[in-house]
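Structure record follows, encoded as structure tokens.
The values are calculated or read from the model by the stated rules, or taken from the named source; none is laboratory data. Keep in mind it's a predicted model, so treat the numbers as computed, not measured. Heads up, the Cβs are rebuilt from the backbone with ideal geometry, glycines too, and the neighbour counts pull from every protein chain shown. The accessibility values were calculated without ligands, DNA or RNA, using every heavy atom of the protein model including side chains. Shrake-Rupley method; radii C 1.70, N 1.55, O 1.52, S 1.80 Å.
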Amino acid sequence: MSNNREENKMQKEVHIPEMESLDEINLDEIPKMTRGSQLKAVWKRFCRNRLAVVGLVIFSIILLTAIFAGVFVPYEKALEQNIAIRNQTSSAEHWLGTDNYGRDIFFRIIHGARYSLLTGMGAVAVGIICGGILGALAGFRGGLLDTIIMRCTDTLLCIPFMLLVLALVAALGTSLTNVLIALMLAMLPTYARVIRSAVLTVVDADYIEASRSCGAKIWRIIFKHVIPNAVGPIIVQATMTVGTMIIWAAGISFLGMGIQPPTPEWGAMLSEGKNFITTTPHLVLYPGLAIAITAFSLNLMGDGLRDALDPRLKD
Amino acid sequence: MIKYVIKRILIIIPMLVVVMFIIYSIMEMTPGEPARLILGTNASQEAVDQLTIELGYDRPFLVRYADYVVNAFTGDFGESWQTGRSVFQEVLIRFPTTIKLAVFAMALAVLIGIPLGILSAVKQYSVFDGVGTTFAMVMASVPSFWLAMMLIILFSVKLRLLPSFGTGSFAHYILPAVSMSCAEIAVLLRFTRTTMVEEIRQDYVRTARAKGQKENKVVFGHALPNALLPVITVTGTEFCGMLGGVVTIETVFSINGVGMLIYNSILQKDVPMVMGCAIFLTASVMLMMLVIDIVYAFIDPRIKARYTRAAKGGKASE
């Protein structure tokens, strides 16, 4: 009922012009109004999902902590070693205890958020851009180009993900940038497929046909019309995979092939702590919890976004 | 149907050649001279040069790759640069361990995920549904290698109930299988719930209810068989994904499987071994996908009918 009312309201607000007065209309106004009200409707639907809001709040806290980590605790404090206080459990001075080198685990987790979020979000962002270009081209052009791109993605998807990532990291070398590139390359086929199918849902629409007949160039049509209209599934996929990417990046560091200690990355912290799990389990407990909470908040948000962007998908 | 299966098997061959090219190229980019890596830093330059010629590394990349492909298709995957043993034998010894682990984990995921998914769908918007979906969300967010360490701390260190490494008995597989299954439980639970909810809303279910059929019969006799069909595909896809993701779990539990072999081989730049493992895993994934498609066609009467109709039509036209 409320949706119908909203639609009626929107219809009333949009002025339908007479054919003679088309030149007098500022065409930019119409899409702006529609986009604004669409965003509001999505935001309203998102806020109705309490779990999604909880996810958003948790993730915002983690993101702000990562951005302002240096303000809370200087980076040097996360690297400061003190053998005299090594392997201590929680105390008033060291909230989450200290590691094998006497470094404060809480400080390391705060600074680790930067690396983990940067890897997860960076890999997804670059992957979406590159996969987006390939997927949009395949979906929009079709024909031989579509077949070639899709067969390539099919082949890449057959290679076990971890094998591909580990081989790429071994080839490129162990660093934050290389982990990011390896993850992005490994996820590229998935993004290309998602974006292609999203593009296919809008490619035959009348407004695309109209744009084509006006003589618009292919990239203009893709970036101006196709992608903005197919953005829903892309955003959902991106939100859901940031959590997965954070887990995978931690896995690579855990195997000793990602970001190297003493950098306070969560996976690297787990890797350092795994040799002491029998004596000092807190070394692996807290970094793992940090990964799980971040991924959990992103999954909650992704779920809420999916329902908000396409209410038909909601059960 | 047979035509389709043959076509699918034939497609595997060029795909494997491309996969081999990708992995071979990546390994080529890995820094370090193979001969130097094998002989060590103290070896003389003459010895390194001689081994480089023996390994064929004095030839161009594409020539070496073509040679490798030809040999691989005749069953010769070469010998490990580190151990000198046959790659085929080494992978074959470890493969059953990895498969066993993946099967245990998948069985656990199916036994927990699917019933919980059905329960969530049947009792939609109830406490069961809320708990089920939140449980799935938590399971999807927990890194399997971290869960593995937590389980070791609890069941091996504190309670001393289960072994924390090795593969000697069934008990050795419990903790790795549980750790590996957590993400799969989440996927199966959510997917089963979605398909079951869709199925329950279908007209034929409403008709069955209107005819006075008992609720249990409606859910388990009518809706469930149809809802489980797409779940089979997802189970297969997840199993394939699991084969690739065993590396971390095998490392945590010191399990001598293919995952561990890949990890060590990549670290040592043992190109023949990495290639052998990659071909084995990729071929397994491709074959698994083919088996799923065939099983699906046999189980689903709609797809079976389509093939039969197509075959009859073909004959009629001939």
Exercise for review: Over the whole of A:270-276, what's the average partner chain Cβ count within 10 Å per residue? Rounded to a whole number, please.
Suggested key: 2
Review point. Which ³J(HN,Hα) values, rounded to whole Hz and listed in residue order, are derived for region A:265-277 from phi using the Karplus coefficients 6.51, -1.76 and 1.60 in 6.51 cos²θ - 1.76 cosθ + 1.60 with θ = phi - 60°, glycine and proline given as x?
Key: 7, 4, x, 5, 5, 5, 4, 5, x, 5, 6, 10, 5
Check your understanding: Can you pull the percent of region A:245-313's accessible area that's carbon plus sulfur, 1.4 Å probe, other chains left in place?
Key -> 63 percent
Review point. In Å², what does the accessible area per residue of the protein assembly as shown work out to with a 1.4 Å probe?
Key: 50 Å²
Review point. Hey, with R₀ at 45 Å, roughly what FRET efficiency would B:Lys158 and A:Val57 work out to, going by the Cβ-Cβ distance, to 0.05?
Key: 0.85
Exercise for review: Mind pulling the angle between the C-alpha long axis of helix B:2-29 and the longest principal axis of chain B? Nearest 10 degrees, somewhere in 0 to 90.
Suggested key: 40 degrees
Review point. In degrees between 0 and 90, to the nearest 10, how far off the longest principal axis of chain B does helix B:224-244 point, with axes built from Cα atoms?
Key: 10 degrees
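When a/c is below 1.5 the answer is rounded, else prolate if a/b is larger than b/c, else oblate, so apply that to chain A with a ≥ b ≥ c taken from the square roots of the Cα gyration tensor eigenvalues.
prolate
Can you give the mean number of other chain Cβ atoms that lie within 10 Å of the Cβ atoms in peptide B:165-178? Mind dumping the intermediate values first?
On the way: counts 0, 0, 0, 0, 0, 0, 0, 0, 0, 0, 0, 0, 0, 0.
For this peptide, the per-residue mean of nearby foreign Cβ atoms is 0.
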Study note, to complete from the structure: Shape call for chain B, from the Cα gyration tensor axes a ≥ b ≥ c (a/c under 1.5 means rounded, otherwise prolate when a/b beats b/c, else oblate), comes out oblate
Review point. How do B:Ser25, B:Ser181 rank by accessible surface area computed with a 1.4 Å probe, from largest to smallest?
Key: B:Ser25, B:Ser181
Point to revise | Other protein chain Cβ atoms within 10 Å, averaged over every residue that makes up A:190-203 | key: 0
**Study point:** Shape category assigned to the protein assembly as shown from the gyration tensor of Cα positions, a/c cut at 1.5
**Key:** rounded
Practice item. Give the interface area between chains A and B as buried accessible surface, both sides summed, probe 1.4 Å, in Å² to the nearest 100. Key: 3600 Å²
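What ranking do B:252-260, B:280-288 get when scored by the average of other Cβ atoms within 10 Å per residue, highest first? Don't skip to the answer; put the middle values down first.
On the way: B:252-260: 22.9, B:280-288: 20.3.
Descending packing order for the listed peptides: B:252-260, B:280-288.
Hey, got the dipole for region B:2-73? About the Cα centre, +1 on K and R Cβ, -1 on D and E Cβ, debye to the nearest 20?
Working: 6 positive and 7 negative charges, 147 e Å.
Here the size comes out at about 700 debye.
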Exercise for review: Could you tell me how many degrees, from 0 to 90 and to the nearest 10, lie between the Cα long axis of helix A:143-158 and the main elongation axis, the longest principal axis, of the Cα atoms of chain A?
Suggested key: 20 degrees
Exercise for review: Taking the dipole about the Cα centre of the protein assembly as shown, with the C-beta of Lys and Arg at +1 and of Asp and Glu at -1, give me whichever of A:Ala295, B:Val91, A:Ile181 is farthest to the positive side.
Suggested key: A:Ala295
Point to revise | 5 angstrom amide H check on B:Gln202, placed H, neighbours 5+ away | key: none
Practice item. Provide, for chain A, the number of lysine pairs with alpha carbons under 20 Å apart, each pair being eight or more places apart or on different chains. Key: 10
Practice item. For region A:278-286, take each phi angle, set θ = phi - 60°, evaluate the Karplus expression 6.51 cos²θ - 1.76 cosθ + 1.60, and give the result in whole Hz per residue in order, putting x for glycine and proline. Key: 6, 9, 10, x, 5, 5, 9, 4, 6
